[in-house]
Amino acid sequence: MNMKYGIKNHDARYFVGVEYPGGVKIGVKNQIGKYWKDFFEKDFPAIDDVKDGGKFIGLECYPPDFMETKQFDYFLLCEVNKNYNQEGFISKKLPQGRYACFPIAFDNILSEIPRVYEFIKENNIKINHGFDYEDYLQEEDYTKSGAILNFCLKLVDDNE
């Protein structure tokens, strides 16, 4: 299998947003699309100190028992200028480091993400297995077919 991807170096970044209630279970229908709509209508306007450029991510955090439960935590987040706590919201820090970013079709996200993980395994790419994220691109319209997003994973260096 061949997939296109790029490597991006990032400083530590800070995000504020909300958690998808109850987590996401693999193979079970979810309402993430509805929560993104609600996030943009209700939550995003109330978030302080949003970083210029309006970067939005869907952060997936995998607990130690993920392989048994097939369930993970999902966060709808926007980038902010600094780390802070705001009542009613969750703050997350993405660590500094190198990230592999795979452009994937938003329409096929449920089949594309497993393909990325298969490619990573086949090519012995060393990643942090604790989290990954969907990087929603400003120039894309996710209400229309054909939109692309970057699916990103933190690379692990040999000295980590």
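A short reminder: the numbers here are calculations on the coordinates, not readings from a lab. None of the values given here were measured: they were computed from a predicted structure. Don't worry about glycine lacking a Cβ; one is built from the backbone with ideal geometry, like all the others, and counts go over all protein chains shown.
Tell me, what is the percent relative contact order of the chain, built from C-alpha pairs under 8 Å that lie six or more residues apart? Before the final figure, lay out the partial values.
Details: 285 pairs, mean separation 50.4, N = 160.
Once divided by the residue count of the chain, the mean separation gives 32 percent.
Evaluate E = 1/(1 + (r/R0)^6) for Lys126 and Asp65, where r is the Cβ-Cβ distance and R0 equals 25 Å; express this FRET efficiency to the nearest 0.05. For Lys126 and Asp65, the calculated efficiency is 0.65. Ranking Phe106, Phe15, Tyr84 by how far each Cα lies toward the positive end of the dipole of the chain (charges on Cβ) leaves Phe106 at the top. Computed 3J(HN,Hα) for the range 74-79, one whole-Hz value per residue from the Karplus formula 6.51 cos²θ - 1.76 cosθ + 1.60 where θ = phi - 60°, is 10, 10, 9, 9, 10, 6, glycine and proline marked x. Qualifying trypsin sites (Lys or Arg not before Pro) in the range 32-133, where qualification requires a DSSP coil assignment and no more than 10 other C-beta atoms within 10 Å, comprise Lys82. When every Cα-Cα distance of the chain is counted in 10 angstrom steps from zero, the calculated P(r) takes the values 10, 39, 39, 12, 1 percent. The amide H of Ile127, built 1.01 Å from its N in the peptide plane, has Val156 as neighbours under 5 Å, considering only residues 5 or more places off or on other chains.
Axis of helix 109-122 versus longest Cα principal axis of the chain: the two differ by about 40°, to the nearest ten degrees.
Hand me the chymotrypsin sites (Phe, Trp or Tyr not before Pro) from the range 24-100 located in a DSSP loop with no more than 12 other Cβ atoms within 10 Å, in residue order please.
Numbers: sites: Tyr35, Trp36, Phe39, Phe40, Phe56, Phe66, Phe72, Tyr74, Phe75, Tyr84, Phe89, Tyr99; in loops: Tyr84, Phe89.
Hits after loop and neighbour filter: Tyr84.
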